[in-house]
Amino acid sequence: MPLFVLFQSIFDPTMSHVGSEPSALAFFGGSDGSFGAGDSVGDKYTNPYGNYTVVDTVPEDMLHLIHPHWYQFPPLNPLWYALVGMFVFMCACLSLTGNFTVMYIFSTTKALRTPANYYVVNLAFSDFMLMFCMCPPLLVNSYYNTWVFGPTGCWVYAAIGSLTGCCSIYTMIAITMDRYNVIVKGIGGKPLTTGRAMLNILLCWLTSAFWTFVPFFGWGKYTPEGNMTACGTDYFSMDISNLTYLYLYTFWCYLLPFFVIVYFYAYIVKAVSEHEKQMKEQAARMGVKSLRGDKDSQKKSNDCKLAKIALMTVALWFMAWTPYAIINMAGFNYPSIVTPLFSIWGSVFAKANTVYNPIVYAISHPKYKSALYEKMPWLRCQGEPADDDSKSSVSNSTCAEDKA
């Protein structure tokens, strides 16, 4: 079974479409996203709304942007708009609070103002801007069950999502390469400087801006998505301009980052494994249980822990952006499985990604956690012991630790 079809079968239970027989799960949610709205007459699926489609509520000035593919589907059940709106609102509250806290803590704590941590701040900033700019219009559109901000608003909305999303992706590459430099190359690696970190961050934004703004000059295009409350890349138009843009966009902003991250983490995992093996062998020769008291060993151990944090963040990012990549490729290769309900999930997973990063760092980053408790002591659970190791780590930190 193709990956596109498997993904659709999970998140759009019936996989039934106009002109095909509905499945036994049609009551739960048809390909159109309506609950129990389908009737079967003979072997055909009939639209209970007659000729009423998901496009009919769209303002007239938006109709020229909508691909004919969407005219075959009846309206989504209003419950879907309410559910998506509530989910995005909760994500926005968590994301804006969490990412603002990350930016505040890293920017105001001297021990955390290191070149590598600028990547963390940039990641938090791009996630913050994604939710700050995209959540309000999505909530308004969910209330009206359609796009209400006109063509210009649609293009701006899609551009902001592309710009901030791609920047987060490229920032994750920068974090991964920095971990590789510290853990694999060790003292042989070139230390990251503030100037080089800033240059890399600038390159992240410039590369993202290129892929974001070329559709405004005729290469690719932005259109409303199937639920008509969000806008994104056009994954149905088969003209050569749109095809080349979307395939290259998917390669440079999804596939290439994924393979780069996997490549560097393969070496990181190998280096960590070899280090742990050497530590155990050395401890056995010395007749001790552990060598963790050694300063260099402790430094390496901290690097390994921080690499695991970064790996967790990358894995969550992969979970967030893979649905969008699948939907984009399905539009070209398996358009029959792309329904209004199916198209929702890319946006939902991507928005959820902005919540993950501050939670990962708040829980797992010892120096961030220590600084957070120092500035916001009311966040510490009652009776929780002070993290002495974390505090000493802040005052006696090494350059490699700071690169988390």
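Around residue 73, which amide H atoms from residues at least 5 apart in sequence, or from another chain, sit under 5 Å from its own amide H, with H modelled in the peptide plane?
It is 54, by chain and number.
Roughly how many nanometres apart are two label points built 7 Å out from the Cα toward the Cβ at residue 152 and residue 89?
2.9 nm
So what are the three principal axis dimensions of segment 48-203 from its Cα atoms, in whole Å, longest to shortest?
70, 28, 26
Apply the Karplus curve 6.51 cos²θ - 1.76 cosθ + 1.60, θ = phi - 60°, to the phi angles in segment 77-93 and return the couplings in whole Hz, x for Gly and Pro.
Per-residue couplings from phi come out as 4, x, 4, 4, 5, 5, 5, 5, x, 5, 5, 5, 4, 5, 4, 5, 4 Hz.
Take the alpha carbon atoms of segment 153-239, find their radius of gyration, then divide it by 2.2 N^0.38 Å using N residues; give the quotient.
Expressed relative to 2.2 N^0.38 Å, the Cα Rg reads 1.44.
Using a basic spin-label model with each label point 7 Å from the Cα along Cα→Cβ, how many nm lie between residue 108 and residue 217?
If labels sit at residue 108 and residue 217, their model points lie 4.2 nm apart.
Order of 374, 60, 225, 274 from fewest to most other C-beta atoms within 10 Å?
60, 274, 374, 225
Could you list 179, 285 in order of exposure, starting from the residue whose Cβ has the fewest other Cβ atoms within 10 Å?
So the residues, fewest neighbours to most, are 285, 179.
List the pairs from 277/367; 277/308; 351/375; 110/351 whose alpha-carbon separation is above 25 Å, in the order I gave them.
Long pairs (Cα-Cα over 25 Å): 277/367; 351/375; 110/351.
Ranking request for peptides 99-109, 250-260: highest mean number of other beta-carbon atoms within 10 Å first, then the rest in descending order. Spell out each step's value before the answer.
Values: 99-109: 19.2, 250-260: 16.3.
Result, highest mean Cβ count within 10 Å first: 99-109, 250-260.
Could you work out the mean projected area of the convex hull around the alpha carbons of segment 202-248, in square nanometres to one decimal?
3.7 nm²
Each residue of segment 333-342 in order: what ³J(HN,Hα) in whole Hz does its phi give by Karplus 6.51 cos²θ - 1.76 cosθ + 1.60, θ = phi - 60°, with x for Gly and Pro?
9, 9, x, 5, 8, 8, 10, x, 5, 4
Throughout, read-outs are computed from the coordinates displayed, never taken from laboratory work. Keep in mind the model is a prediction, meaning the values are calculated, not measured. Ideal geometry is used to build each Cβ from the backbone, glycine not excepted, and the neighbour counts take in all protein chains shown.
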